[in-house]
Amino acid sequence: MKYFRPRLQFRSGLILGVLSAITASPVMADTSNFGKLSLAPGFAPAQATVEGYTGGSYSLSAISNRDRDRNACIGFADPKPDHVMVLEKDFSQLNIRVNSGGKDTTLLIQGPDDESIRCGDDTGKRKDASIQGSDWKAGTYKIWVGTFNSKDKGNYTLTVQQP
């Protein structure tokens, strides 16, 4: 009497495809701690103001040490972005400011692709962070509002302005 012993054959491409599907985590792309901004040219100021609070011990330099203009990326925040900003069209210029009542805040903005990074720290003599930049392409941006000291926590308002 012959016994039939099934043999399993795996194709490496199939295994890699299944493993990639299991391990992929697109959750980070559209989620944030405090919400989403969607902006088109000529947006109203109320559309471009959001609130949140700082906190976290994740070093923002883990995302990038320096931004596209060679500014240092510093501060501590939650690993998940605080806000997601969707620009519906290209903007030639945007100003993004944090108002925390004078706490020492930092900013990191990533997008519309993972390699495009903008970082900001003090604004003039103020400790609140800001980024004034040009050439903002349409797309999705992740925004982290951090603090210089990982133990600092506090409320803030983030404002986007089109000069």
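The values are calculated or read from the model by the stated rules, or taken from the named source; none is laboratory data. For clarity, every value in this text was computed on a predicted model and none was experimentally measured. Every residue, glycine among them, receives a Cβ derived from its backbone with ideal geometry; neighbour counts consider all protein chains shown. Accessible surface is based on the protein model in full, side chains and every heavy atom, while ligands, DNA and RNA are left aside. Shrake-Rupley method; radii C 1.70, N 1.55, O 1.52, S 1.80 Å.
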Quiz item: Taking the range 138-151 as the search range and keeping residues that are free of Cβ contacts under 8 Å to residues at least 60 places away in the same chain and within 17 Å of LYS36 (Cα to Cα), which one is most open to solvent (accessible area, probe 1.4 Å)?
Solution: ALA138
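Residue by residue, here is whether (1) within 15 Å of the chain's Cα centre (by Cα); (2) of a type in the set (A, V, I, L, M); (3) modelled with pLDDT under 95 holds:
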residue	(1), (2), (3)
LEU16	no, yes, yes
THR31	yes, no, yes
SER64	yes, no, no
LYS80	yes, no, no
GLU88	no, no, no
GLN93	no, no, no
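Determine which member of the set ILE74, ILE109, ILE117, ILE96 is open to solvent by less than 30 Å² (accessible area, probe 1.4 Å) and touching a residue at least 60 places away in the same chain (Cβ under 8 Å).
ILE96
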Quiz item: Here are LYS103, LYS127: which of them is assigned to a strand (DSSP E or B), more than 30 Å from GLY42 (Cβ to Cβ), in contact (Cβ under 8 Å) with a residue 12 or more places away in the chain and in contact with a Lys or Arg (Cβ under 8 Å, 6 or more places away or on another chain)?
Solution: LYS127
Exercise. Could you please tell me which pairs satisfy a Cβ distance under 8 Å, a separation of 6+ or placement on different chains, a first residue in the range 35-57 that is without any contact (Cβ under 8 Å) to a residue 24 or more places away in the chain, and a second residue that is assigned to a strand (DSSP E or B) and buried (at least 18 other Cβ atoms within 10 Å of the Cβ)?
Key: GLN47/LEU37; GLN47/LEU39
Exercise. Report, by residue number, each residue of the range 33-78 that is in a strand (DSSP E or B) and small (Gly, Ala, Ser).
Key: SER38, GLY52, SER59, ALA72, ALA77
